[in-house]
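The values are calculated or read from the model by the stated rules, or taken from the named source; none is laboratory data. As the structure is a computational prediction, the values presented were derived from the model and not from experiment. Reconstructed Cβ throughout: ideal geometry from the backbone, glycine too, with neighbour counts over all protein chains shown. We work out accessible area using only protein heavy atoms, side chains counted, and drop any ligands, DNA or RNA first. Shrake-Rupley method; radii C 1.70, N 1.55, O 1.52, S 1.80 Å.
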Amino acid sequence: MQTLQDVLAHGRTLPNALADSVAALQDSRDRALCQELCYGVLRWHSRLEALVLNLLEQRPRNRDRDLTLLLELGLYQLMYTQIPPHAAVSATVDTARALGKSWAAGWVNAVLRRFQRERANRLQAVDLDCATRHAMPPWLLQWLRADWPSDWQSLVQASNARAPLTVRINRRRRDRDAWLAQLSAVSLTGAHLTELPQAIMLSRALPVTELPGFADGEVSVQDAAAQFAAMLLALRPKQRVLDACAAPGGKTTHILEQAEVTLTALDIDAQRLTRVAENLARLGLQANLLVGDATDPASWWDGLTFDRILVDAPCSGTGVIRRHPDIKWLRRPSDLPALAATQQRLLNRLWPLLSSGGRLIYATCSVLRAENDAVIESFLRGHGDALVRAPDIPLGRALQFGHQILPGERDMDGFYYACLEKD
Ligand SMILES: C[S@@+](CC[C@H](N)C(=O)[O-])C[C@H]1O[C@@H](n2cnc3c(N)ncnc32)[C@H](O)[C@@H]1O
């Protein structure tokens with residue numbers, strides 16, 4: 001309850017809010033259940049909320065808003081989990097008491113029982129509204145429909161589905177097939193993705209520390225769509241590479257696993273950059289780590305140009321909602337112009353740092369044109385020395401300038417890539 005309130009009422013991100021709640025639980029099964037319920041309720045929040053309001057004869061008073069959320073938790077268990085209905089109802093009633101609202105116990109019980117009796121009709125009523133049916137904020141659904149008129153339904157469905165655990169084998173430390181072979185020891189299977197040499201999609205999720213060879217740097221967790229970034233850079237030994245928005249280092253480490261390059265990993269957030277350092281240490285890799293603002297190179301750049309630049313820009317995250325359902329409720333439509341302006345500024349300010357003949361990869365985990373092709377289009381208008389190349393990605397779809405993988409395609413996250421070369 002506290003985690004959900006932290007996200008929905010106080011704007012905290014789910015991983016942050018969840019870390020506190022989970023730390024207080026001793027039993028790993030309780031931790032897993034807490035995580036499952038929080039992710040699930042946030043995945044379906046607006047549909048569950050509409051259902052609660054439909055079931056209630058009157059809106060709860062402001063000070064009883066926590067009971068609406070509690071009912072969402074109860075409904076989520078009844079609709080989307082294997083928890084026996086009587087256990088779901090009694091746990092929800094007990095929570096009302098634990099919240100100091102014993103007077104509401106009978107009421108909570110009655111609302112959930114009513115849902116069980118009238119489920120089909122109640123669902124039919126709330127699902128008449130398209131945004132509610134898909135548990136999407138109306139403004140976001142509108143944007144998705146406008147940008148993806150033929151694909152928005154599958155896109156939205158994939159965004160509400162659970163994401164697989166995909167890993168990347170560190171080719172410097174482990175052979176991919178040898179790593180796959182040892183999975184049976186932990187009752188796992190994995191499928192190698194033909195499009196990517198190091199990507200393996202696992203049959204089920206498990207804590208990263210239980211992945212064979214994780215502590216020894218044999219493997220990292222990284223969605224397959226994100227693994228195209230290092231490939232698109234077309235790295236060669238001894239090149240100077242800038243990873244301009246590096247933290248937590250998923251792509252930094254992949255670049256270094258790929259080739260013997262000199263890499264500068266920059267991020268504006270010092271705390272997040274410590275995670276790059278941890279990942280480098282675990283994988284046995286080295287980079288020059290810098291805290292700095294990529295839009296202000298004068299404050300950190302040594303004046304030597306780079307052969308390759310990766311701009312993995314801060315974005316709306318609309319391609320990774322399946323991993324971060326809180327994005328749906330934390331983002332505002334007004335964030336988009338600000339994000340696009342930052343993305344534009346990053347490209348404009350970093351372009352002079354690229355050597356002639358060099359390559360810059362622009363990436364986002366967004367599916368919105370405003371952060372993707374529109375940013376590139378506007379950049380190209382002001383840079384006659386920039387040549388746009390079609391990214392070589394054997395899935396997804398080629399756009400006018402870049403390339404989009406939509407969430408769910410080959411069970412990957414949504415990702416956008418554009419490839420720019422300097423004349
Ligand atoms: C999408 S994340 C990068 C993910 C990372 N490349 C990876 O693969 O693990 C975007 C990052 O950009 C950083 N960032 C945002 N604005 C920045 C700026 N002006 N200069 C440098 N880094 C910035 C954020 O702190 C965040 O860590």
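Odds and ends about this structure:
- Relative contact order (%) - the stretch 303-423, alpha-carbon pairs under 8 angstrom, separation at least six: 31
- In this structure Y39 has an accessible area near 40 Å², from a 1.4 Å probe over the protein heavy atoms.
- If you model the stretch 298-343 as an ellipsoid using its alpha carbon gyration tensor, with each semi-axis the square root of five times an eigenvalue, the axes come out at 30, 14, 8 Å, biggest first.
- Put the Cα centre of the stretch 39-117 next to the Cα centre of the stretch 221-242 and the gap is 46 Å.
- Only helices enter this figure: runs of n ≥ 4 DSSP H residues, each worth -39500 (n - 2.57), summed and divided by the residues of the chain, yield -13000 deg cm²/dmol at 222 nm to the nearest 500.
- Exposure rank, largest accessible area first [Y80, Y362; 1.4 Å]: Y80, Y362
- Rounded if a/c under 1.5, otherwise prolate or oblate - the stretch 188-340, Cα gyration tensor axes: oblate
- Here, P(r) means the percent of Cα pairs in each 5 Å bin from 0 to the largest distance; for the stretch 222-277 it is 4, 21, 31, 24, 16, 5, 0.
- Rg and Dmax over the alpha-carbon atoms of the stretch 166-221 stand at 10.0, 27 Å.
- Sum of side-chain charges, R275 neighbourhood, beta-carbon under 12 Å (Lys, Arg +1; Asp, Glu -1): -1
- About the Cα centre, charge dipole magnitude for the chain (Lys/Arg +1, Asp/Glu -1 at Cβ), debye: 820
- Across q = 0.19, 0.21, 0.23, 0.25 Å⁻¹, the stretch 102-151 modelled as identical point scatterers on its alpha-carbon atoms has Debye log10 I(q)/I(0) values of -0.73, -0.78, -0.84, -0.89, in the order of the q list.
- The aspartates and glutamates whose alpha-carbon is closer than 15 Å to the alpha-carbon of K422, local same-chain residues fewer than 8 away aside, are D307, D385.
- Percent accessible area from carbon and sulfur atoms, the chain, protein chains only, probe 1.4 Å: 50
- Among T295, A281, T318 the positive-end extreme of the charge dipole of the stretch 181-322 (Cβ point charges): T318
- Each residue, E421 and N288, gets one label point 7 Å from its Cα in the Cβ direction; the gap between the two is 2.6 nm.
- Cα-based equivalent ellipsoid of the stretch 2-134: semi-axis lengths in Å, sorted from largest, via gyration tensor: 23, 17, 15
- Computed over the alpha carbons of the stretch 225-422, Rg followed by Dmax gives 15.7, 44 Å.
- With Cα atoms, 0 to 90° folded angle of helix 14-23 axis to the chain main axis: 60
- FRET efficiency, 1/(1 + (r/R0)^6) with R0 56 Å, evaluated for N109 and A398 via beta carbons: 0.55
- Mean projection area, nm², convex hull over Cα of the chain: 21.7
- Surface exposure of the chain, expressed per residue as accessible area with a 1.4 Å probe, stands at 44 Å².
- Amide hydrogen neighbours beyond the local backbone of V367, cut-off 5 Å, H modeled: T318, G319
- Between 0 and 90 degrees, the angle of helix 270-283 with respect to the longest Cα principal axis of the chain falls at about 70 degrees.
- Gained length - A23 relative to E377, 0.36 nm times residue gap less alpha-carbon distance: 122.9 nm
- Dipole magnitude for the stretch 216-319: about 200 debye, using +1 per Lys or Arg Cβ and -1 per Asp or Glu Cβ, origin at the Cα centre.
- Lysines whose Cα lies under 20 Å from that of K101, excluding same-chain neighbours fewer than 8 positions away: none
- Positive contributions from Lys and Arg (+1) and negative ones from Asp and Glu (-1), summed over other residues with Cβ under 12 Å from the Cβ of S366, come out at -4.
- Choice from R61, R369, R282 showing the highest fluctuation, given a GNM over the chain with Cα pairs closer than 10 Å: R61
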